[in-house]
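Colleague: Provided herewith is a single structure, encoded as structure tokens, for subsequent inquiry.
The values are calculated or read from the model by the stated rules, or taken from the named source; none is laboratory data. Note that the structure is predicted; figures quoted are calculated from it, not measured. Positions of Cβ are generated from backbone atoms using ideal geometry, with glycine treated the same way; all protein chains shown enter the neighbour counts. To get the accessible areas, we keep the full protein, side chains included, count just its heavy atoms, and leave off ligands, DNA and RNA. Shrake-Rupley method; radii C 1.70, N 1.55, O 1.52, S 1.80 Å.
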Amino acid sequence: MTLLTDQLTVESVPAYLTARPHLAGPVDPASIVSVVEVGDGNLNLVFIVTDAAGHGVVVKQSLPHVRVDPSWPLTRERAAREAVVLAAHERIDPAHVPAFYGFDVEALALSIEDLSDHAVWRGELIAGRLHPYAAAELGRYVGAIGFATSVFGTPGPERRRRIAEATNPELSEITEDLVFTEPYVDHEHNGWLAENDDDVRELRADRAFVREMGLAKQRFQESTQSLMHGDLHTGSVFVRAEGASVRAFDSEFGTYGPTGFDLGAVWANLVIAAARAHVLGRSADAETLLRLPVELVDAFEAEFRLRWPERVDPRVYGDDVLEHTLAVVRSDAAAYAAAKAVRRIVGFSKVADIQTLPEPERALASRLVLRVARTLGTARLEDADPRTLTARTVALLG
């Protein structure tokens, strides 16, 4: 099938939905009154469409290149993989993802729930509104998905077919390069303030830490533990205080991989938010944020344990296997938190939490993030309990 090459625009979206009413969700295509393009990421066009009755839908179309760098081509078929991930996650845990209305293979566009009554968690954290309930909600989300798509939750033949369906080679390679490799070598994607030169030099000279990042990359490449979201940072999470609603979106990096990767991504972004709060003098907020990974991991484990009696093959998957599995995920979560934190400070695609700080505070916050990352990456080998690691990271703020 020939793929549609025309990109959607604010002007063309109404006609597009009129011709494809199955993608309109709750919106009446004949009475669309507003189309707003809100995409602020690197990879997609995102339109919020509203009808006369106030109903909304989001249409998301993949771009053929990185938005900020048209010379960096990307496969547009990633939209089809995102559709696979979102549909699977919605079946398992609809409370924590947007409703999925459909996918158009010709335009490579998804239609999903309009969550305009929510706010992006990163923006809320920058504004000093913590929404601390979100950590546990995300832990439950990862626990539900982590169990249901693992060997414990899906029969072997069916699971192997789903792994093949969700393979995401191009975007997985981006993760492998940006998160695990580029920050530790000279690369054009890297950049930091001159005040952090010594911090980066020390990071790269820490051979024990770099070794752990290499091993983390190896596990990322080899593991098909569960169907990850793949990019679960605070900028891909919607929050709403009313009802403590939390929704993870933008799962186009999703694929089967280590369950701890999603937990680590959230953990890293909480560290980054804490560093910002600390350098701005909000010490209580910083300590609260650094302690949220405990709630994140606890909620993950509680959800996983809750589902454990449903495992498809209890013959050799006894409770000792459960305990071993959870211990591995705990350790992985800390390692991937370290990797994701370093990437945001040293590598490509910085985060507003740090970048919007004045330079002296930005340098200090970056230094704190890198110190916490190095602690998480190696101290977990002695004790991967999030409580122990949190105590050590809180002490770094002193």
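Colleague: Would you be able to say whether some residue in the stretch 306-324 is at pLDDT below 95, surrounded by fewer than 17 Cβ atoms within 10 Å (Cβ to Cβ) and either under 24 Å from the mean Cα position of the chain (by Cα) or of a type in the set (D, E, K, R) (or both)?
Modeller: Scanning the stretch 306-324, I find no residue that is at pLDDT below 95, surrounded by fewer than 17 Cβ atoms within 10 Å (Cβ to Cβ) and either under 24 Å from the mean Cα position of the chain (by Cα) or of a type in the set (D, E, K, R) (or both), so the answer is no.
Colleague: Can you go through Ser251, Ser236 and tell me which one is of a type in the set (Ser, Thr, Tyr), open to solvent by less than 30 Å² (accessible area, probe 1.4 Å) and touching a helix residue (DSSP H, G or I) at 6+ places or on another chain (Cβ under 8 Å)?
Modeller: Being of a type in the set (Ser, Thr, Tyr), open to solvent by less than 30 Å² (accessible area, probe 1.4 Å) and touching a helix residue (DSSP H, G or I) at 6+ places or on another chain (Cβ under 8 Å) holds for just one of Ser251, Ser236, which is Ser251.
Colleague: Would you mention how many residues in the stretch 340-384 are open to solvent by 30 Å² or more (accessible area, probe 1.4 Å) and closer than 25 Å to Arg207 by Cβ? Full working, then the answer.
Modeller: Filtering the stretch 340-384 for residues open to solvent by 30 Å² or more (accessible area, probe 1.4 Å) gives 348-350, 352, 355-356, 358-362, 364, 367, 371, 374, 378, 381-383.
So of that shortlist, the ones also closer than 25 Å to Arg207 by Cβ come out as 348, 367, 371, 374, 378, 381-383.
Qualifying residue count for the region: 8.
Colleague: Here's a follow-up. So, in the stretch 218-258, how many residues would count as being of a type in the set (S, T, N, Q) and closer than 17 Å to Gly139 by Cα?
Modeller: Of the residues in the stretch 218-258, 6 are of a type in the set (S, T, N, Q) and closer than 17 Å to Gly139 by Cα.
Colleague: I'm trying to understand the selection: among the residues of the stretch 169-189, which are over 26 Å from Glu77 (Cβ atoms) and open to solvent by less than 30 Å² (accessible area, probe 1.4 Å)?
Modeller: Pro183 - this is the single residue of the stretch 169-189 that is over 26 Å from Glu77 (Cβ atoms) and open to solvent by less than 30 Å² (accessible area, probe 1.4 Å).
Colleague: Is it true that Ser34 is buried (at least 21 other Cβ atoms within 10 Å of the Cβ), hydroxyl-bearing (Ser, Thr, Tyr) and at pLDDT 95 or above?
Modeller: no
Colleague: Hey, among Phe253, Phe304, Phe238, which residue is in a loop (DSSP other than H, G, I, E, B), in the same structural domain as Thr181 (by the TED database) and under 30 Å from Phe100 (Cα atoms)?
Modeller: That would be Phe253, the only listed residue that is in a loop (DSSP other than H, G, I, E, B), in the same structural domain as Thr181 (by the TED database) and under 30 Å from Phe100 (Cα atoms).
Colleague: Out of (1) assigned to a loop (DSSP other than H, G, I, E, B); (2) farther than 26 Å from Glu301 by Cβ, the odd one out for Ala384 is which?
Modeller: Ala384 satisfies all of (1) assigned to a loop (DSSP other than H, G, I, E, B); (2) farther than 26 Å from Glu301 by Cβ except (2).
Colleague: Given the options Asp231, Asp186, name the one that is assigned to a loop (DSSP other than H, G, I, E, B), modelled with pLDDT of 95 or more, of a type in the set (Asp, Glu) and touching a Phe, Trp or Tyr at 6+ places or on another chain (Cβ under 8 Å).
Modeller: Of Asp231, Asp186, the one residue that is assigned to a loop (DSSP other than H, G, I, E, B), modelled with pLDDT of 95 or more, of a type in the set (Asp, Glu) and touching a Phe, Trp or Tyr at 6+ places or on another chain (Cβ under 8 Å) is Asp231.
Colleague: Does Arg129 count as in the same structural domain as Leu357 (by the TED database) and either outside any strand (DSSP E or B) or closer than 15 Å to Phe47 by Cα (or both)?
Modeller: Taking the combined requirement at face value, the residue satisfies it.
Colleague: Follow-up. If the Cβ limit is 8 Å and pairs must be 6+ apart or interchain, which residue in the stretch 88-113 that is in a helix (DSSP H, G or I) pairs with which residue that is buried (at least 19 other Cβ atoms within 10 Å of the Cβ) and among the acidic types (Asp, Glu)?
Modeller: Every condition considered, the pairs that remain are His96/Glu137.
Colleague: While we're looking at this one, here's another question. Right, Ser236: in contact with a strand residue (DSSP E or B) (Cβ under 8 Å, 6 or more places away or on another chain) and over 26 Å from Glu124 (Cβ atoms) or not?
Modeller: no
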